[in-house]
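Notes follow once the structure below has been shown.
Every number in this text was worked out from the coordinates using simple rules, so none of it is lab data. Worth saying up front: this structure is predicted, and the values here are computed from it rather than measured. Heads up, the Cβs are rebuilt from the backbone with ideal geometry, glycines too, and the neighbour counts pull from every protein chain shown.
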Amino acid sequence: MGASGWCYSVEYETDIGAVLEKLRQQVFLDGDYYFSRDDDQPAPATIDELLWAQGTNGTHSILDIVGGVRTEPEEYWASVCPLSDEQVLDCFGTTEPDDNQVTTWMEDGEYDMYVTRGWWGVYVISYADGKPARIHFGGISGD
């Protein structure tokens, strides 16, 4: 099947790790992931069961990000990290991009230039009226 890119946007909260975990739970509950199963196989009851069932195929979603939030790119497998201020400035022409700028950038897959290989992701915070408004996650996972 090959790896897949994914992106999500959620309301800003200061604890990025907690936001990531809430988002993973919501994606699981919504069934917004890849799951290869036989017709007689029940759907997994938890994210851990799903990840075990999928093995190295992954879910092609943020559910594959089991390593949490890190400070440096590729510091830990299956994790996300922020773009640096310099990268944000290069991408958006400002260190406080608005929601539309980041959403378009994510949807266009521009984040993949900062994800040098699969099973990693990045996040960018968008701003409204000078305050953090949303967190945008983008990455690549699955096989």
Problem set entry | Gaussian network model of the chain, springs between alpha carbon atoms under 10 Å - residue of L89, L23, L50 with greatest fluctuation | L89
Problem set entry | Ranked by how many other beta carbons lie within 10 Å on average, peptides 53-63, 95-105 from highest | 53-63, 95-105
Problem set entry | Separation of the E11 and S84 label points, Cα + 7 Å toward Cβ, nm | 3.4 nm
Exercise. How long is the gain from S36 to E72 if the chain were fully straight, where each residue apart is worth 0.36 nm and the alpha carbon distance is subtracted?
Worked result: 9.7 nm
For this session: For the chain, calculate the relative contact order in percent as a whole number, restricting contacts to Cα pairs under 8 Å that are 6 or more residues apart.
Result: 33 percent
Exercise. Using mean Cβ contacts within 10 Å as the protection proxy, how do 118-129, 5-16 order, highest first?
Worked result: 118-129, 5-16
Exercise. How much of the calculated P(r) for the stretch 97-143 lies past 17 Å, in percent of all Cα pairs?
Worked result: 34 percent
For this session: Compute the separation of the alpha-carbon centres of the stretch 12-50 and the stretch 55-73 and state it in Å as a whole number.
Result: 11 Å
Exercise. What spacing in nm lies between the two simple spin-label points modelled at Q26 and D98, each 7 Å away from Cα in the Cβ direction?
Worked result: 2.2 nm
Problem set entry | Only Lys, Arg (+1) and Asp, Glu (-1) charged, at Cβ; the stretch 4-141 dipole about Cα centre in debye | 200 debye
Exercise. If you add up the charges near T104, with Lys and Arg at +1 and Asp and Glu at -1, over every other residue whose beta carbon is less than 14 angstrom from its beta carbon, what do you get?
Worked result: -4
